[in-house]
Amino acid sequence: MRDESYFNNPATPRQKQYEVVRSIMVNKLTIEQAVEKFGYKILTIHSLLRDFRSSKLELFPIDIKPGPTERRTSHATQDKIIAYRKQLLSCIDIAEKLEQDCIKVSIRTIENILVDAGFDKLPRRSNADRGLTVKEQLIPKRAMQLDFDKLQPFTYDCPIAGVYFFIPYIVESGIIDILTKCTLPTSSDITAEQACLSMMFLKLTGNKRLSHMGAYDHEPGLGVFSGLTVLPKSTYMSTYSCRTSEMDLYDLQKKIVSHFKQIYPQFYNSEFINLDFHSIPHFGDESQMEKVWCGAKNKTMKGANTLFAQDSASNVIVYTKADILRQNETKEILKFISYWKEIGKNVTETLVFDCKLTTYTILDQIHDDQIKFITLRKRNKALLKQTTEIPSKSWQKIYLPIPKRKHKHCSVYESNITLNKCKNVFRQIIIKDHGRSEPTFVITNNTELKLKDVLIVYAHRWHIENKFAELASFFNLNALSSPLMIRIHFDMLWTVVADFLYHRFTHDLPRFEKEKAYSIFRKFIDMPGKIIFDGNKFTIKIRRRAMTPILLGVEKLQGETSIPWLGDKTISFEFTA
């Protein structure tokens, strides 16, 4: 333990010098007394006092901190930081710029360098100044048309390069020519064709909502699909349909289906057309929609009542209608007949629908118009009682060769009847022993079909139910874009066009002709790649995958295709290792 001997007997020369100077200047010892006490020579003590008074003697030396005496950041990097600050970039922005140059400098180091250089903090910037939304998301660039007179060669990464496989089919279908003849709205920067192509892109990629376009509107590689620098923002796409009218969409649908029917007769040659209502639920509180039965939710709720017509053989949708009120829904079949006559001059197909689509009175009108139909008759107690009174020997046993049907053997009874408030006579086929607790009553005015064929045709009406499931699962039919019917109809129309393009694409894929759209997208479309423009043509480079040999067999993907909305430049596909 230390005591006063620690000061009386210094252990180090520096401590001994301190005690000598202090004893003379503070304790007022004479030099002779100090010589006697500390053992120094007189001249040595005089030297110590001289050096102390002239500040040449440091009795308490300054501690020197270990480490570098200057910043480790190179002068070149510091000059870059100062140059970026003169451009009014924040420390975070400067760090990102340096990282692009493969220079890693922490934000705190940048702050210290700027303080040493005499820079003050930048004033706080708004979200718009920072290029961010309220939710801290980057504000995308404004979509502009590609100017091919000034466009320089480029190479863009594309997260869904497979969507470009549809471009040769879009050109072949002539949709762009139809759009140019229609009166759809345009803007100063985006034409009607480019707006519709952007909408088509969302449908071809299975986007759930228009608002989800924010996932793609920063990708220049996807903007090229529509002839734009980037895809339009979700606000533009959500409001574009509001500038259209119901007559515009009706005219566009009629022209598209009529044109498709001429150039793709293989998709429109069925003798039967399936019709059915589909209710799209709406979850908004403020809407003027009527309450409808939504099978997807198994309850009555606000929603959009829509009508679809489908080619029974190819499953292609040939007609859609969105704005259907409950009081008018029984007459919608007459509007479809009028529409189909405008396309083909007459209705030679047999219409197949269930008993809730229309009334018996309208069935009489359809028959008077010499249009064939197959539908169901509503059951009632009197009808069921009459069925039980039919003798057993009058029933006929038949076999229905329908794949995956559990009860293929059933009993049928055919007769001619006149329905309530009808003047015409129709065929009625009663089916029992078919797996249901009560008989089923089929009504038709088609006298040319055999009894078995009538039942098989009506059983195929479930193709349209399967189509609803596909449209809802991949094309997100049940995700309403708005409570406004015009926007719903616009959304449905491009859903139908995208669905047809998938049908056309799968027609060129051997053994995948009946594959669903979501499966085709997963196997053939959803793949990254590069969009390369060399100044004269576009090349889509995609790495080889398991399905590449099938794509190599598609004729339309092997040559070059001229694209009208891309300055008539050509596009080709290249599969790399």
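Just so it is clear, none of the values below were taken in a lab; they were calculated from the coordinates. The model shown is predicted, which means the values in this text are computed figures rather than measured ones. Please note: Cβ atoms are built from the backbone with ideal geometry, for glycine as well, and neighbour counts cover all protein chains shown.
Extension gain, residue 547 to residue 245: 0.36 nm times the residue separation minus the Cα-Cα distance gives 104.5 nm. Close amide H partners of residue 319, meaning residues 5 or more places away or on another chain with modelled amide H under 5 Å apart, are 309.
For the range 5-53, the Kirkwood estimate of the hydrodynamic radius, built from every pair of different alpha carbons, is 10.7 Å. Between residue 297 and residue 14, the contour length at 0.36 nm per residue exceeds the Cα-Cα span by 92.7 nm. In this rough spin-label picture, where each label sits 7 Å from Cα along the Cβ direction, the residue 54-residue 409 distance is 12.9 nm.
The orientation-averaged projection of the convex hull spanning the C-alpha atoms of the range 395-498 amounts to 10.3 square nanometres.
Among all the lysines, which ones have a C-alpha under 21 Å from residue 291's C-alpha, if same-chain residues fewer than 8 places away are not counted? Leaving aside lysines fewer than 8 places away in the same chain, those within reach of residue 291 are 299, 302, 321, 331, 356. When Rg and the Kirkwood Rh are both derived from Cα coordinates, the Rg/Rh ratio for the range 261-409 amounts to 1.02.
Taking 1 over the mean of 1/r across every pair of different Cα atoms in the range 1-100, what Kirkwood radius in Å do you get?
Working: mean 1/r = 0.0546 Å⁻¹.
So the Kirkwood estimate lands at 18.3 Å.
Based only on the alpha carbon positions, what is the Kirkwood hydrodynamic radius of the chain, in angstrom?
Numbers: mean 1/r = 0.0325 Å⁻¹.
Across the chain, the inverse of the average 1/r is 30.7 Å.
Could you tell me which trypsin sites (Lys or Arg not before Pro) in the range 322-386 are loop residues by DSSP with no more than 14 other beta carbons within 10 angstrom of their beta carbon? Mind showing how you got there, number by number?
Working: sites: 326, 331, 335, 341, 345, 356, 372, 377, 378, 379, 381, 385; in loops: 345, 356, 372, 377, 378, 379.
Those satisfying the criteria are 345, 356, 378, 379.
Give the relative contact order (percent, whole number) for the range 75-124; include only Cα pairs under 8 Å separated by 6+ residues. Worked out over the range 75-124, it gives 36 percent.
Projected onto planes of every orientation and averaged, the convex hull of the alpha-carbon atoms in the range 75-124 covers 3.2 nm².
Amide H to amide H, with H built 1.01 Å from N, residue 371 comes under 5 Å of no residue 5 or more places away or on another chain.
Our helix-only sum for the chain, with -39,500 (n - 2.57) per DSSP H run of n ≥ 4 divided by its residues, gives a mean residue ellipticity at 222 nm of -10500 deg cm²/dmol. Of the two radii for the range 150-283, the radius of gyration is 0.99 times the Kirkwood radius, both from the alpha carbons; that is the Rg over Rh value. Among the listed pairs 97/530; 150/537; 406/432; 297/378, which are separated by more than 18 Å between their Cα atoms? Result: 97/530; 297/378 exceed 18 Å.
Across the chain, the mean sequence separation of Cα contacts (distance under 8 Å, 6 or more residues apart), normalised by length, yields a relative contact order of 14 percent.
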